[in-house]
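The values are calculated or read from the model by the stated rules, or taken from the named source; none is laboratory data. Bear in mind that the values here come from a model prediction, so they are computed numbers and not experimental data. Reconstructed Cβ throughout: ideal geometry from the backbone, glycine too, with neighbour counts over all protein chains shown. Ligands, DNA and RNA are stripped out before the accessible areas are found, and what is left, the full protein with its side chains, is counted by its heavy atoms. Shrake-Rupley method; radii C 1.70, N 1.55, O 1.52, S 1.80 Å.
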Amino acid sequence: MKISIIGAGYVGLVSGTCFAELGWNVTCIDNDAKRVEQMRKGITPIYEPGLDDLLVRHGNSGALSFRCGADASLASADLIFIAVGTPMSDDGQADLTQVTSAVTEIAPYLDGYTVVILKSTVPIGTNDQIEALIRSLRPDADFDVCSNPEFLREGSAVQDFMQPDRVLIGANTEKASKMLRHLYQPLAMRDVPIMTVSRISAELAKYAANTFLAMKISFINEISDLSEKAGADVAEVAMAIGKDHRIGDKFLHPGPGYGGSCFPKDVSALIYQARQFNSPVTLIEQVQAINSARKLAMVDRIAGALGGDLKGRTIGILGVTFKPNTDDMRDAPSVTILPALIAMGATVRAYDPVGMNNARPMLPDVEWMAGPMEVFRGADCVALLTEWGEFNALDLPDARALMHGDALVDLRNVYSHDRASEAGLRYFPIGTRRHSDDHTTR
Ligand code: UGA
């Protein structure tokens, strides 16, 4: 089977490269000529661990090729994946412009039986609409439209693709379902469950998965605040509840609020769709509100470590991406938090291992440092926003010696009270406070 993928962004490029790794012949098609040229040379346009090696290996072997724009070569494709962006519109719904234009571009080239697969996260009913669109453009074409949502995470996308918890196929014909099962057979042989459901169930499942995970994060963030006030330790609470298989121990790390290209947009899109169906998801509406408030609460927390007045103070920031192992800045909490600190009169100096190029235009008033230790130099307070591994390895006594003040605000609980106080730092983690009469056995 020959596979074409329209859109070589996160999902498209990772999927295409991994399908080549599974043994298929793949063509990735993108409209950005510069991006295509880069990928042909084996350079990944995104930072994603493990992707470069696969791109070079399969580019050299010929299993993976790149083309700029849809053309007649699409006629030989048996499976065409649509993996373009579905960003958030101003009113909160998913913007399907890129999906419809991709489908309009491929329609003239459909030749022989072809399965068109929506990998982009699309609202409920989109597969039906796309099927009708292709039918109107090409009444003669022999095709099916399927849903095959992706569940990979940035930063571990290759591993998530190759070892997923499940593969979800939304199909309404046996023929299409069979082809997709054949495609994923190499994963089925590794005991990955390949599930076939209706197209609508697949569409909704993708939103339900992301909003559920977002809900888990907001839940633990609220329990974190409560732990702090009550004198509990959120890590202990999370560990205790996570051992219950019905709850699970993943996604129970408190932080500055979820960000990224998926959770904020998918939470918003599900809220929008649910209202359209007159079946509001009030729980998820609350998650959205909690997450927005969370980011602003982090501003107060950092300011609080300096007594509330930030005029003339210098704040160092460790990490600005929405999570480690990615250069993605989309909806990162830093984009809300850093300008708010600057608006309160602070000078903000930041460092991120790979995110600074993307961050610079988004955070123009921030001073960018060459390394993590530079962030500490002259700072009254340093706040850790993203849990990059290299921050854990920092020598805190050396870092403290460079500072003007002594406050360390840890929004990911990377450090510990003991480590910080041994370095002479006043430590402000989240979800815990140490009492002088704390007799726990930790
Ligand atoms: C998310 C989902 O996890 C993927 O399954 C999904 O495929 C993807 O969206 C998508 O729809 O494309 P991603 O956005 O890459 O993946 O990142 P996550 O690892 O889910 O993290 C999202 C945010 O939640 C980050 O800001 C992270 O710091 C935060 N988070 C995560 C926490 O604050 N606490 C946690 O315990 C876990």
Name the pairs: first residue in region 250-268 and among the β-branched types (Val, Ile, Thr), second residue more than 6 Å from the ligand (Cβ to nearest atom), Cβ to Cβ under 7 Å, at least 6 apart or on different chains? 267/211; 267/214; 267/284; 267/287; 267/288
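Does region 131-140 contain any residue that is in contact (Cβ under 8 Å) with a residue 40 or more places away in the chain and either open to solvent by 60 Å² or more (accessible area, probe 1.4 Å) or part of a strand (DSSP E or B) (or both)? Steps first, please.
Restricting attention to region 131-140, the residues satisfying the condition of being in contact (Cβ under 8 Å) with a residue 40 or more places away in the chain are none.
The answer is no; no qualifying residue exists.
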Just to be sure, is residue 270 within 16 Å of the ligand (Cβ to nearest atom) and either small (Gly, Ala, Ser) or touching a strand residue (DSSP E or B) at 6+ places or on another chain (Cβ under 8 Å) (or both)? no
Scanning region 381-396 for residues that are more than 16 Å from the ligand (Cβ to nearest atom) and open to solvent by less than 10 Å² (accessible area, probe 1.4 Å), the one nearest to residue 327 (Cα to Cα) turns out to be 382
State whether one or more residues within region 335-352 are under 27 Å from residue 14 (Cβ atoms), assigned to a loop (DSSP other than H, G, I, E, B) and of a type outside the set (A, V, I, L, M). yes
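Which residue out of 311, 295 is among the charged types (D, E, K, R) and within 16 Å of the ligand (Cβ to nearest atom)? Walk me through how you get there before you give the answer.
Values: 311 fails: within 16 Å of the ligand (Cβ to nearest atom).
Step by step, each of 311, 295 is checked, and only 295 is among the charged types (D, E, K, R) and within 16 Å of the ligand (Cβ to nearest atom).
For (1) aliphatic (A, V, I, L, M); (2) within 30 Å of the chain's Cα centre (by Cα), each residue gets a yes or a no:
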| site | (1), (2) |
| --- | --- |
| 95 | no, yes |
| 103 | yes, yes |
| 107 | yes, no |
| 111 | no, no |
| 123 | no, yes |
| 148 | no, yes |
| 152 | yes, yes |
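Return the only residue of 261, 224 being at pLDDT 95 or above, among the small types (Gly, Ala, Ser) and either touching a helix residue (DSSP H, G or I) at 6+ places or on another chain (Cβ under 6 Å) or over 30 Å from residue 427 (Cα atoms) (or both).
On the way: 261 fails: at pLDDT 95 or above.
Result of the check over 261, 224: 224.
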If residue 357 satisfies all but one of (1) within 16 Å of the ligand (Cβ to nearest atom); (2) assigned to a helix (DSSP H, G or I); (3) of a type in the set (S, T, N, Q), what's the number of the condition it fails? (1)
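If you scan region 1-15, which residues turn out to be touching a Pro at 6+ places or on another chain (Cβ under 8 Å) and in a loop (DSSP other than H, G, I, E, B)?
Of the residues in region 1-15, the ones touching a Pro at 6+ places or on another chain (Cβ under 8 Å) are 8, 13.
8, the sole residue that qualifies.
This table checks each residue for (1) within 16 Å of the ligand (Cβ to nearest atom); (2) touching a Leu at 6+ places or on another chain (Cβ under 9 Å).
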{"residue": "66", "(1), (2)": "no, no"}
{"residue": "74", "(1), (2)": "no, yes"}
{"residue": "99", "(1), (2)": "yes, yes"}
{"residue": "106", "(1), (2)": "no, yes"}
{"residue": "126", "(1), (2)": "yes, yes"}
{"residue": "133", "(1), (2)": "no, no"}
{"residue": "139", "(1), (2)": "no, no"}
{"residue": "158", "(1), (2)": "yes, yes"}
{"residue": "180", "(1), (2)": "no, yes"}
Lone unmet requirement of (1) closer than 29 Å to residue 50 by Cα; (2) within 16 Å of the ligand (Cβ to nearest atom); (3) of a type in the set (Val, Ile, Thr) for residue 194: (2)
Candidate set from region 339-352 (those that are closer than 24 Å to residue 393 by Cα and open to solvent by less than 50 Å² (accessible area, probe 1.4 Å)); member that is farthest from the ligand (Cβ to nearest atom): 348
Looking only at region 148-184, which residues are surrounded by 21 or more Cβ atoms within 10 Å (Cβ to Cβ) and among the aromatic types (Phe, Trp, Tyr)? 161
Could you list, in sequence order, the residues of region 186-230 that are of a type in the set (Phe, Trp, Tyr) and either in contact with a strand residue (DSSP E or B) (Cβ under 8 Å, 6 or more places away or on another chain) or open to solvent by 20 Å² or more (accessible area, probe 1.4 Å) (or both)? 212, 219
Can you name the condition, by its number, that residue 91 falls short on among (1) among the charged types (D, E, K, R); (2) more than 16 Å from the ligand (Cβ to nearest atom); (3) modelled with pLDDT of 95 or more? (3)
Would you mention how many residues in region 368-389 are out of contact with any His (no Cβ under 7 Å at 6 or more places or on another chain) and not in a helix (DSSP H, G or I)? 13
